[in-house]
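*Asks:* Input: one structure, supplied below.
The numbers here are math on the coordinates, done by the rules we state, and not lab data. The structure presented is a predicted model; accordingly, all values stated were derived computationally and were not measured. Don't worry about glycine lacking a Cβ; one is built from the backbone with ideal geometry, like all the others, and counts go over all protein chains shown.
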Amino acid sequence: MSWEVVIGLEIHAQLTTKSKIFSGASTAYGAAPNSQACPIDVGMPGMLPVLNQAVIGKSIMLGLALDAEIGKRSVFDRKNYFYPDLPKGYQTTQFEFPIVGQGKMEIELEDGTKKIIGVTRAHLEEDAGKSVHGLVPGQTGVDLNRAGTPLLEIVSDPDMSSAKEAVAYAKKMHELVQYLGICDGNMQEGSFRVDSNVSVRRPGEPLGTRAELKNINSFRFIEKAIEIEIERQIELIESGGTVVQETRLYDADNDTTRSMRTKEDANDYRYFPCPDLLPVIIADEDIEAIRATMPELPDAKRTRFVSELGLSDYDATVLTSSRAMAEFFERLVALTDAKDIKLCANWMTSGFSAALNREGLSVEQSPVSAEGLAGMIVRILDNSISGKIAKQVFEAMWKGEGTADEIIEAKGLKQITDTGAIEALVDEVLANNPSQIEAYKAGQTKMLGYFVGQIMKASGGQANPGQVNQMLVAKLK
Amino acid sequence: MSLGKTEVEYISRLTQIEVREEAVEGVAEKLSNILELFAQMEAADTKDVLPMAHPLDAVQRLRPDVVTEVDQHKKLQAIAPAAADAHYLVPQVIE
């Protein structure tokens, strides 16, 4: 009998603010322990939290991008539980009136099929601190720098039915929050955390009991962990067992999931409105003001790159894979007066991307700027250099040897376009290869390629290949 | 609704508040009385009434996203029960 898989995701996106959600302490990553935890963050009695206005704008941006209702009256609640990294004994979060209501997102699977995934809600909350083990034997150390860091928890509907769909959704959300500039998306530093709720059922049956997979910091592992968890649940039920509601951790070394803690007390967080915070009222004008500052979203950009710029679906997808990539490309096109968009796209998706990958750099870290690359493409377009020489110029630019023009000048790479000079090279090569000429005339037309190769070699790669070709054909008639 | 020994022990565990064996019965009775009050209140018609988020009829003020706090961990840890290497120390927690 077949099984149906039901997956919902909870994504915690850390918002890119300078200060914390309720205090003026810094959110910078990697500071000395507890150096960025002020009296509000450590839960000193009598402290009054004051909401950071930046988190409101950033949340509304996500809501607009997901075509969601914006909570015009948004309320903060206390979620009560005891853990040393939560010094107040409650987490300030949102329960009944979140800032972002029901929305949706379209995902595309590898085979090109599209699916709409519902987004139940997105609510604001504060992060907890960090427990450090092994500092002092028999005791746990607590670093509260992370306490109070603003998080937007994005909860999906249980609309995904495979690990692949779940990852497609998570990746798309990851791309979106970075496009919007509301989260840096750094999964290693925990800025974007994905928790997966996984359950299985027989088709037509009510939802099965779910297990939650937490703390997985790569898309590849999320996919593997979900697949393994699905297998585990099916095997468990088929052998007569029952799934219990619990949190499970993925163990990448052994490729298994194991129980972390049972959630038997799940409904006992005793939420109630936080008396320290008043309701947040958002006016229509505020929403419209934010709508006016929204960047073009990845889907719209991709569609426009195909329809307006004439790029292939593949190129459009690669070039919109991050906002930095897309903006670099658009600058490049503008700086080269859109004379050869395809050439710009090719350089971005091949030479430029290959160099970034080779050195593990992001677009922002590229040693070659859009201006630099444009300077080189302009020289290809005005026939100063060939595509082949351009690769040499690009490598030199990458190593910081100067601008395209400086490198072309210093290395003497300017293409030979002088007809007389090219003719001399053509004549020389033809004179040295009488038997190949005979073969060509006898019908072996591929000899043409041989001659072009010889001439290009003789010119040190600097002859204009188009001109060489033309002249050769004329002379061999 | 009335609470018995099991519920009191459960709540005691959740709240991390110790209730001594001999006090359980009394606490159960007190809590049951409180719940009865709620039951009485439930009789009121609250349809079309927005749940009250705050007794004050005011809205939340927002602060600009600016870092205003400086490192005070030494001061804060001076009054902590235990600290080491700039960390607060608590009894060992193992997940």
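*Asks:* From the phi angles alone, apply the Karplus equation (6.51, -1.76, 1.60; θ = phi - 60°) to the range A:72-88 and give each ³J(HN,Hα) in whole Hz, x where the residue is Gly or Pro.
*Replies:* 6, 10, 10, 10, 9, 10, 9, 10, 8, 7, 10, 7, x, 7, 10, x, 6
*Asks:* Using alpha carbon centroids, what distance separates the range B:12-55 and the range A:398-439, in Å?
*Replies:* Between the Cα centres of the range B:12-55 and the range A:398-439 lies a distance of 90 Å.
*Asks:* Right, another one. Modelled label-to-label distance, residue A:294 and residue A:391, 7 Å Cα→beta-carbon offset: nm?
*Replies:* Using points 7 Å along Cα→Cβ, the separation is 4.3 nm.
*Asks:* Next question. Rounded to the nearest 20 debye, what is the charge dipole size of the protein assembly as shown about its Cα centre when +1 sits on each Lys and Arg Cβ and -1 on each Asp and Glu Cβ? Intermediate results must be reported in sequence, preceding the final value.
*Replies:* Numbers: 59 positive and 84 negative charges, 326 e Å.
Rounded to the nearest 20 debye, it is 1560 debye.
*Asks:* Something else now. How high is the FRET efficiency between residue A:102 and residue A:353 when r is their beta carbon distance and R₀ equals 41 Å, given to the nearest 0.05? Display every interim value, and only then the final one.
*Replies:* Details: r = 38 Å, r/R0 = 0.92.
Here the calculated transfer efficiency is 0.65.
*Asks:* May I have the convex hull volume per residue, in Å³, for the Cα set of the protein assembly as shown? Don't jump to the answer; show the numbers that get you there.
*Replies:* Numbers: hull volume 144.0 nm³, N = 572.
Given the Cα convex hull of the protein assembly as shown, per-residue volume reads 252 Å³.
*Asks:* Right, here's the next one. Tell me, what is the FRET efficiency for residue A:371 and residue A:256 to the nearest 0.05, using R0 = 51 angstrom and their Cβ-Cβ distance as r?
*Replies:* Working: r = 51 Å, r/R0 = 0.99.
Plugging the Cβ-Cβ distance into 1/(1 + (r/R0)^6) gives 0.50.
*Asks:* Taking 0.36 nm per residue of separation and subtracting the Cα-Cα distance, what length does fully extending residue A:308 through residue A:337 add?
*Replies:* Values: separation 29, 0.36 × 29 = 10.44 nm, distance 1.48 nm.
Once the chain is fully extended between residue A:308 and residue A:337, it gains 9.0 nm.
*Asks:* How far is helix A:387-398 tilted off the main Cα axis of chain A, in degrees rounded to 10, range 0 to 90?
*Replies:* For helix A:387-398, the angle is close to 50 degrees.
*Asks:* Another question, then. Through the Karplus equation 6.51 cos²θ - 1.76 cosθ + 1.60, θ set to phi - 60°, convert the phi angles of the range A:211-222 into ³J(HN,Hα) values in whole Hz; use x for Gly and Pro.
*Replies:* My calculation for the range A:211-222 gives 10, 10, 9, 10, 6, 10, 10, 8, 5, 4, 6, 4 Hz in order.
*Asks:* Take every residue in peptide B:44-55, count the Cβ atoms of other chains within 10 Å of its Cβ, and give the average of those counts.
*Replies:* Numbers: counts 0, 0, 0, 0, 0, 0, 3, 4, 3, 15, 9, 2.
Mean inter-chain Cβ contacts per residue within 10 Å come to 3.
*Asks:* Restricting the count to DSSP beta bridges whose residues both fall in chain A, what percent are antiparallel, rounded to a multiple of 5? Walk me through the numbers before you get to the answer.
*Replies:* Working: 54 of 59 bridges.
Among the beta bridges of chain A, antiparallel pairing accounts for roughly 90 percent.
*Asks:* Still on this structure, please answer the following. Filter A:171/A:342; A:130/A:214; A:115/A:172; A:72/A:301 down to the pairs with a C-alpha to C-alpha distance above 19 Å, please. Don't skip to the answer; put the middle values down first.
*Replies:* Numbers: A:171/A:342 27 Å; A:130/A:214 16 Å; A:115/A:172 12 Å; A:72/A:301 29 Å.
Pairs exceeding the cut-off: A:171/A:342; A:72/A:301.
*Asks:* Around residue A:370, what is the net charge, scoring Lys/Arg as +1 and Asp/Glu as -1 over all other residues with Cβ under 13 Å from its Cβ?
*Replies:* Details: positive: A:331; negative: A:327, A:330, A:364, A:371.
Surrounding charge for residue A:370 is -3.
*Asks:* State the answer as a single residue: which of A:442, A:425, A:460 lies farthest towards the positive end of the charge dipole of the range A:419-475, with beta carbon charges of +1 for Lys and Arg and -1 for Asp and Glu, about the Cα centre.
*Replies:* A:442
*Asks:* If you line up the long axis of helix A:163-180 against the longest principal axis of chain A, both from Cα atoms, how many degrees apart are they, to the nearest 10?
*Replies:* Helix A:163-180 sits roughly 80 degrees off the main axis of chain A.
*Asks:* Can you give the angle from 0 to 90° between the axis of helix B:5-15 and the longest principal axis of chain B, with both taken from C-alpha atoms, to the nearest 10?
*Replies:* The helix B:5-15 is inclined about 20 degrees to chain B.
*Asks:* Which net charge results for the neighbourhood of residue A:141, defined as the other residues with beta-carbon distances under 12 angstrom from its beta-carbon, given Lys and Arg at +1 and Asp and Glu at -1?
*Replies:* Working: positive: A:130; negative: A:85, A:143, B:85.
It works out to a net charge of -2.
*Asks:* Compute the semi-axes of the equivalent ellipsoid of chain B, taking the square root of 5 times each eigenvalue of the Cα gyration tensor, and list them largest first in whole Å.
*Replies:* Numbers: eigenvalues 295, 179, 21 Å².
For chain B, the ellipsoid semi-axes come out as 38, 30, 10 Å.
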